[in-house]
Every structure is written in C-alpha cells, then in structure tokens.
Amino acid sequence: MRPMKRELLRRLLDPVVHWFGRMSDEATERPFGLFYDPLGRGEQARGTRWWRYLLQLVAVTFLVSAAAFGSVGSPKPLKRTLDPVVVLGRSVPTLGGQGLTHLGLFAVEGDYLAPIPFQIDQRRNGDYLYAHGQIASPEAGHGALNAEDEIAFICSDAGPRLSPFELPEGAQAGVEIQVSDPVDSGAGYVYLLAFAGDAPRSDVRYVTYHDREDYIETTDYALGYLPEAPISIGRQMVRKPSGEYTQEITDRQKIRIEGDLFWNLAHLSRNENDFHSQVLGYIVGPVRVIRHTKNWQILFWNIPTPSVHLTSIYWKTGMFFPMKVNLPFDVTSFFRRVQMNIYVDSNPHVLGRRFYNDRNPNGVDIDGHMSQAEIDLDRGPFKWNIVAGTTAQNPEGWFSRHIYDPSQVPVDITLHYVDDMSRPDPPERYPGCFGCLGYEFRGLDRLRTGSFTVAIQMFPMLSYHRGDEQTFLNVYDHPLQTHVQTIPNN
C-alpha cells in the first residue's frame, strides 16, 4: 500500500501558502482588507503589519489543525481491547455483491495499510450458513456479500485513520468503518477493501476448534466439553501472557432439574448426564468459532423436554451463549413444581480463589468449607459473577453475566453457591462441592407455550481488582458503535 503522510501535508499546505501569499501582496485590493488593516488606510505601514501577520499565523494554525483533525480522526484513540465487532453486510452497500474472497480488512500501521484478522459469516433468513457438520451448507464460504452477512473482527485491531482519505492503489472499492466508544469518545478505524482478485489476508488466527474433542482454543483461553455429558463444560483455562495455560479450574458444569408431577405420579430428577446434545454445525474463522447444538432429554414415557438450540460464539476474548428454548406446552400442564440449577463445580486442587458479584462485592474465599460470610451471602438476583485468583502466581479468573428480558422470561434467577467438600453432588470427578457457583431458576412452572432466550457472556481475566468488572459490563451495556462511509476513488 502507498505511503500517506507526506502527500497529505503537501496537498494541505500548498494552497494555504499560495492564498496567503496573494493576500500579503495587495492589502488595499483585498475584500478582507478591513479585517487585516483595521485602520482602513490601505497602507503597508510597519505599525499595522503586525495585525496582518498575527492574524495570518492564527489562520494558518487553525486551518492546518482542522485539516489534521479531519484526516487523522478522533484525537482520542480507542482504548477498549476485548470487545468483538460485527458489521452487517447491509451497512456496507458500496460493497454489496462483491465476491467474499475479493474482500479484505485492513488497519493503518505507520504509513501503510496492513491486513488484520477478520471473517465474513454468511446468514440467510436469520440463520448462519455452517461450513461443517450435519447442517453444513454448500453455499458456505462462496458467493458474494449479502445484506445479512456478518463482518466480524476484534476492536483491538483497529488503528488510526487513513490519510489521505482516498482509495489505496490496487483496490477497486472500499469503506471506512469507524469504531467508537460511547463511554469516552475514543475511536479506531478499519478499512474493508475490494480487489479484482483474491484480497490480501492476515496470517494471524486467534481461535481454533478441535471438533473431535469438542475443544476450543483461543489466544486468551481454552474450553472443552465432557464426552459423557456433551452439554457440560469440563475444561476451562486462562492463557497467561507467557502463552502457558493455567490449571483446569472446573470439575464440571452441572445441570440439575427437580420437579413433581401432578397427582404425585412421579418425582423428576435429572442431571447433565441425562441430556442428549448434538453439534449440528460449526464455523471456524480467524476471530471466532460459531457452534450450533441441539440439546434435550427424555422426561418420562418417551416424552422429551423442550429442545434448547444453543448457538455458542467463541471469540478471541470471550464467549457468548444465547440459549433459545422452544416450549411446546405449558409447564403447568404436567408439573406442580419444577426447579433447575445450572452451576460450575470447581477443581479442589486449584486453591487461592475468591468469589465476587454485584450483591457481594467484598467477596468470599473458596476453600471447600462454608464460612459464616458464605452462609450470609446475598443470594438475590444479580448482574455478574467473578471468580479470580488471590495469589501473585495465579491471579487469573473468569467474569460471567446473564442477559434476559424479565417480561419475556417470568422466572426468578438467583445465586446458587455451595462451598462444602463434605457434601456429595454426583455425578462429578471430585467428590463434594468446591465453590459450586451459578444460577437457580425458580418459578419455571409459570412458563407458557412459546420460545424465549437467555444469554450468558463469559470472559477470561488475567487478574481482578474491584471495579474491573465495568470493562466487561460495557461490552453489552455500552456497546461499541460503528459508522461506515465510502472511501473516494481520487
């Protein structure tokens, strides 16, 4: 790509210098003579020249500063680093219909544009086109940019603004995508460009999916599912700056359902091992893995539970689980009471960890014994949870939150917390509850026929200090904003 800064300065300063040169030659013939010669004499007198030269200096400074601001963009750079960014194809109409392989995403590095990791995930009628799995589409990865398609990248790869703001050599068309932070007005820029042939692409990959092991690795964390309970997380690690992973912090993710049928016909008790889970399709790109599963279990008499379709998205920096539940009947048609708990039991060999949430910001130690502080925890509805290390050697941790519309999901979601190694909770790898932490869903009997969505976000943390949670909360509460404009072809 072409050098930029020297050409920009020449184009900006040449007309400014020429204009002021003409103004200083004929003071009495200028239409702005009164402004520059306040005495109205039309003289080149020494006593009045200082007005003219001072005003010229101020004007030049103002024009150059304004031009620099317009070409460089926001004076405040984008500070946020963990937020994913998704731009829909309909937001870049200039590039609609361009072949997918002809599109590349770039950011300014020094005087050049460099390709950055990104991917275009295709959607049709609201569903992804999966490249792999039972529901793989032959269209995936082929064709042209569609209005529904998602252009995905990580905000930390955005850079300063392109200058001069014109189409680089070799590109046939392009758009600038400004990524701005509504919290502090910082901004960064990336450039989606179309080429006649295959576009230059970055060799960097942030994510990998091992489909046989059902195991995801990224530059920031690793996550895997249990073979005997494929709906359940069984491996969860943070990647340190050195590249090494921390110890596996999980025993397993547990799902426990208890309920009583009407007329006392039966008592229902189910766990994560009773679930059927199928990976129907998946997409693997440089910045995220999208994994679609169908999950269900048999209640009784071959009557299945409502199927839960889960489209899990694993970015470089964190995970997003929007769970869509299709309920084919009113729960009250069968149950007079039903409750579900979803929580993670920890590995008791990983010591020196502490739990916090917005109702319990001071935190409690996880050590396998219920302290009075743990007994007294506020277990009411909460916004976020954090479990993080307390030692200098292992300060890493995890942030999680749930997102749902209470008007559409009329259940009570409260804190589930047990830290008692003497309390068996099978099935499990390690006997007892070592910081069992998660959610209690109460009032499920109030659910009616239909569908609803509950989403969960999770992010790895290298360390935690009180107040750090706001960085993670901003991802959903104050999302990054994007603005697209076409790059002129000068």
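Quick notes on this structure:
- Tally, over segment 469-479, of residues that are closer than 21 Å to Y221 by Cβ and touching a residue at least 60 places away in the same chain (Cβ under 8 Å): 7
- The residues on offer are V175, V190, and the sole one that is over 17 Å from the mean Cα position of the chain (by Cα), aliphatic (A, V, I, L, M) and outside any loop (DSSP other than H, G, I, E, B) is V175.
- Residue selected from segment 231-255 under the condition of a type in the set (G, A, S) and surrounded by 18 or more Cβ atoms within 10 Å (Cβ to Cβ), by the criterion farthest from H276 (Cα to Cα): G234
- Just so you know, in segment 360-370 the residues that are surrounded by fewer than 16 Cβ atoms within 10 Å (Cβ to Cβ) and in contact (Cβ under 8 Å) with a residue 40 or more places away in the chain include one that is nearest to the chain's Cα centre (by Cα), and it is P361.
- Here R353 clears all of (1) modelled with pLDDT of 95 or more; (2) touching a Leu at 6+ places or on another chain (Cβ under 9 Å) except the condition numbered (2).
- Yes/no for P410 being within 23 Å of R239 (Cα to Cα), part of a loop (DSSP other than H, G, I, E, B) and either in contact with a helix residue (DSSP H, G or I) (Cβ under 6 Å, 6 or more places away or on another chain) or at pLDDT 95 or above (or both): no
Residue-by-condition table, conditions (1) out of contact with any Ser or Thr (no Cβ under 6 Å at 6 or more places or on another chain); (2) at pLDDT below 85; (3) within 26 Å of D214 (Cβ to Cβ); (4) in a strand (DSSP E or B):
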| residue | (1), (2), (3), (4) |
| --- | --- |
| G243 | yes, no, yes, no |
| R252 | no, no, yes, yes |
| R256 | yes, no, yes, yes |
| W263 | yes, yes, no, no |
| N273 | yes, no, yes, no |
| V279 | no, no, yes, yes |
| I283 | yes, no, yes, yes |
| N295 | no, no, yes, yes |
| L299 | no, yes, yes, yes |
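- Taking every residue in segment 292-304 that is aromatic (F, W, Y) and pairing it with any residue that is at pLDDT 80 or above, at least 6 positions away or on another chain, the pairs with Cβ-Cβ distances below 6 Å are W296/H276.
- Selection count where residues are surrounded by 21 or more Cβ atoms within 10 Å (Cβ to Cβ), within 22 Å of the chain's Cα centre (by Cα) and part of a loop (DSSP other than H, G, I, E, B), scope segment 146-172: 2
- Subset of segment 94-140 (residues that are assigned to a loop (DSSP other than H, G, I, E, B), within 24 Å of the chain's Cα centre (by Cα) and exposed (fewer than 15 other Cβ atoms within 10 Å of the Cβ)): N125, G126
- Odd one out for L437 among (1) at pLDDT 95 or above; (2) surrounded by fewer than 20 Cβ atoms within 10 Å (Cβ to Cβ); (3) not in a helix (DSSP H, G or I): (2)
- Boolean, T449 is within 19 Å of V364 (Cα to Cα) and β-branched (V, I, T): no
- Residue count for segment 214-230, restricted to those that are buried (at least 18 other Cβ atoms within 10 Å of the Cβ) and under 23 Å from the mean Cα position of the chain (by Cα): 10.
The values are calculated or read from the model by the stated rules, or taken from the named source; none is laboratory data. These numbers come from a predicted model, not from an experiment. Every residue, glycine as well, gets a Cβ built from its backbone with ideal geometry; the counts of neighbours run over all protein chains shown.
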